[in-house]
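Below is one structure; the comments refer to it alone.
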Amino acid sequence: MAEEIINRVANSKLKVIDLEDYYPNGQRILFDIKDWLLEGLVLREKEFRAHVAEHDWSQYNNCYVALHCSTDAIVPDWAYMLISLELQNYSKLTVIGTLEDLESLIYSSIIAELNLCVYQDMPVIIKGCSNKPVPANALVLLSQKLKPIAKSIMFGEACSSVPLFKRKK
C-alpha cells in the first residue's frame, strides 16, 4: 500500500507572493522619436511640432508607452513633455526610458498600493520564476516593503528558496 503524499507547503503558514499575478494587461510600446528629427539627430521645433500634430495618437489607447531616442541626439525635455501630453488621453502610462524602465515604473506604483497586512508576522516567499516580465527592481521594492511586516522573507520556490531576511526575536 502506497503512503499518502502530503503537501507540507500547502499546510504551512508559508505565504507566497507572485508579482506576475499583478501584471497589468496592456500593450507595451517603445516610441522612438528619432524619425521625427532631422537626420535622426537634430530637433527642428516647427517640423517636430508638425509631426506631433499630425500623428494618430489613438493607436496608443490603453497602452503603456516608453518614450526614447535611439540616436545620440540631444533632445530637449519639452519634446518628451509635448508627446506625453498628447498621449495622456490615450495611454495608461507614459515614461521616458526603455521598456524595462517602463515595467519598473508600472510595478513601482502597483507595489506602493499593495496592502500587505495579510503577511504580518508570516514567513513569505517572493516567487522567482515568471512567464511575464517582472523587473528586478520590483522584487527589490517588494522585499523592502515586506521587511517591517513579515517574519521572514525568502526568494524562489517553496522547494528551493533562498533566505533573505529573518526578524530577530
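Computed quantities for the displayed model
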{"quantity": "Most to least accessible of LEU146, LEU139 (protein chains only, probe 1.4 Å)", "calculated": "LEU139, LEU146"}
{"quantity": "0 to 90° range, to nearest 10: angle between helix 99-113 axis and the chain longest Cα axis", "calculated": "50"}
{"quantity": "Difference of contour (0.36 nm per residue) and Cα-Cα distance, ASN61 to ALA158", "calculated": "31.0 nm"}
{"quantity": "Carbon + sulfur, % of accessible area of the stretch 37-150 - ligands and nucleic acids excluded, 1.4 Å", "calculated": "52"}
{"quantity": "Contour excess over end-to-end distance, with Cα ends at LEU41 and LEU114 and 0.36 nm allotted per residue", "calculated": "22.1 nm"}
{"quantity": "Zone residues, the stretch 147-165, relative to LYS15, backbone N less than 16 Å from point 7 Å out along Cα-to-Cβ", "calculated": "147-155, 165"}
{"quantity": "Helix 77-87 vs. the chain, principal-axis angle (Cα, 0 to 90°, nearest 10)", "calculated": "70"}
{"quantity": "Computed lengthening from VAL52 to ASP72, 0.36 nm per intervening residue step minus Cα-Cα distance", "calculated": "5.1 nm"}
{"quantity": "Candidate values (i) 14.5; (ii) 13.4; (iii) 17.1, label of the one derived for mean projected area of the Cα convex hull in nm²", "calculated": "(i)"}
{"quantity": "Solvent-accessible area per residue for the stretch 54-169 (1.4 angstrom probe, square angstrom)", "calculated": "59"}
{"quantity": "Flagged links, alpha-carbon separation over 31 Å, of LYS46/LYS132; LYS92/LYS151; LYS127/LYS169; LYS15/LYS169; LYS132/LYS168", "calculated": "LYS46/LYS132; LYS92/LYS151; LYS132/LYS168"}
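The values are calculated or read from the model by the stated rules, or taken from the named source; none is laboratory data. It should be emphasised that the depicted structure is a prediction, and the values quoted were computed from it without experimental measurement. As a convention, Cβ positions derive from the backbone with ideal geometry for all residues, glycine included, and neighbour counts pool all protein chains shown. Only protein heavy atoms, including side chains, enter the accessible area calculation; ligands, DNA and RNA are left aside. Shrake-Rupley method; radii C 1.70, N 1.55, O 1.52, S 1.80 Å.
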